[in-house]
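Here's the structure, in structure tokens; my notes come after.
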Amino acid sequence: MSRHTLSWRLAAAAGAMSLIGACASNPPPPRMAASNPPPVAPGPNAIWYHVNFDSSSYAIDSSGLTTVADVTAYLQHNPGAVATIIGKTDTVGGPNYNMHLSHRRADAVRDALVYNGNLAADRVETRWTGENRQRVVTGNDVPAEANRVVDIAIH
């Protein structure tokens with residue numbers, strides 16, 4: 001009996017060591033921030049609104065809340081209209097960080113429209129581009145207020 005127990009323990013230890021060795025030699029690839037398809041142009045008749053953000057922030061300030069209220073009012077008076085929200089960042093920080101930040105900005109505006117403005121979630125489409133598709137093209141690590149924005153297209 002002790003002979004079988006010893007064999008089982010040796011096999012388990014060998015398997016564990018093999019697994020540890022495989023994990024150490026093949027580290028997982030770096031985790032990329034989720035991205036989504038680029039926004040489709042809403043068309044020439046779209047009405048545009050903009051919510052600006054402080055650097056490295058996704059908090060909507062009082063000016064942004066006023067814009068969100070304006071968008072909410074427009075959508076409530078135009079039940080056939082849909083909002084496309086596009087989160088963006090400047091180039092301060094890495095590309096993965098900026099992709100995640102632009103996603104959080106877009107979600108913050110969407111949440112304000114849906115939960116605070118009582119709009120149906122299917123009337124609000126969310127997209128984010130990170131530091132790609134900037135309004136003002138800059139080099140790396142250049143703060144640009146015009147690029148720290150969520151664009152809202154009503155169509």
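The values are calculated or read from the model by the stated rules, or taken from the named source; none is laboratory data. Owing to the predicted nature of the structure, the values given are computational and were not obtained by experimental measurement. Neighbour counts run over all protein chains shown; Cβ positions are idealised from the backbone, glycine included. What goes into the accessible areas is simple: the full protein's heavy atoms, side chains included, and nothing from ligands, DNA or RNA. Shrake-Rupley method; radii C 1.70, N 1.55, O 1.52, S 1.80 Å.
When P95 is evaluated against the numbered criteria (1) more than 18 Å from N78 (Cβ to Cβ); (2) open to solvent by less than 30 Å² (accessible area, probe 1.4 Å); (3) of a type outside the set (F, W, Y), which criterion, by number, is the only one it fails?
(2)
One line per residue, one yes/no per condition, for (1) over 17 Å from A153 (Cβ atoms); (2) open to solvent by 50 Å² or more (accessible area, probe 1.4 Å); (3) among the polar types (S, T, N, Q); (4) modelled with pLDDT under 95:
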| site | (1), (2), (3), (4) |
| --- | --- |
| V40 | no, yes, no, yes |
| G43 | no, no, no, yes |
| D54 | yes, yes, no, no |
| Y58 | yes, yes, no, no |
| M99 | yes, no, no, no |
| L113 | no, no, no, no |
| N116 | yes, yes, yes, yes |
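Which residues, counting only those in region 107-155, are touching a Phe, Trp or Tyr at 6+ places or on another chain (Cβ under 8 Å) and of a type in the set (V, I, T)?
V149, V150, I152, I154
Among R110, R133, R105, which is charged (D, E, K, R) and more than 16 Å from L65 (Cβ to Cβ)?
On the way: R110 fails: more than 16 Å from L65 (Cβ to Cβ); R105 fails: more than 16 Å from L65 (Cβ to Cβ).
Just a single option satisfies the conditions, and that option is R133.
List every residue pair whose Cβ atoms lie under 9 Å apart, where the two residues are 6 or more positions apart in sequence or sit on different chains, the first residue falls within region 59-76 and is within 13 Å of N118 (Cα to Cα), and the second residue, located anywhere, is in a helix (DSSP H, G or I) and open to solvent by 80 Å² or more (accessible area, probe 1.4 Å).
V68/N116; A69/N116; T72/N116
Within region 122-155, take every residue that is part of a strand (DSSP E or B) and in contact with a Leu (Cβ under 8 Å, 6 or more places away or on another chain) and give me the one that is surrounded by the fewest Cβ atoms within 10 Å (Cβ to Cβ). Write out each step before concluding.
Filtering region 122-155 for residues part of a strand (DSSP E or B) gives 124-128, 149-154.
In the following step, the residues that additionally are in contact with a Leu (Cβ under 8 Å, 6 or more places away or on another chain) were identified as 124, 154.
Details: V124: 22, I154: 18.
Residue satisfying both the conditions and the ranking: I154.
Has region 15-38 got any residue that is of a type in the set (V, I, T) and modelled with pLDDT under 70?
Let us first name the residues in region 15-38 that are of a type in the set (V, I, T), namely 20.
Right, trim to modelled with pLDDT under 70 and you get 20.
Yes, there is a match, as at least one residue in region 15-38 is of a type in the set (V, I, T) and modelled with pLDDT under 70.
Pairs, please: C-beta under 7 Å, at least 6 apart or cross-chain, first residue over 28 Å from A73 (Cα atoms) and in region 110-139, second among the acidic types (D, E)?
These pairs meet every condition: E131/D90; T138/D90.
Taking the criterion of being of a type in the set (V, I, T), surrounded by 13 or more Cβ atoms within 10 Å (Cβ to Cβ) and in a strand (DSSP E or B), would at least one residue in region 72-85 satisfy it? It would help to see each step written out before you state the result.
In the first step, residues of region 72-85 are kept if they are of a type in the set (V, I, T); the result is 72, 82, 84-85.
When the remaining residues are screened for being surrounded by 13 or more Cβ atoms within 10 Å (Cβ to Cβ), the result is 72, 82, 84-85.
The next check asks that each one be in a strand (DSSP E or B); those that pass are 84-85.
Within region 72-85, one or more residues are of a type in the set (V, I, T), surrounded by 13 or more Cβ atoms within 10 Å (Cβ to Cβ) and in a strand (DSSP E or B).
I'd like to verify a number: residues in region 111-121 that are more than 17 Å from D61 (Cβ to Cβ) and part of a helix (DSSP H, G or I), how many?
Residues that pass the stated criteria total 3.
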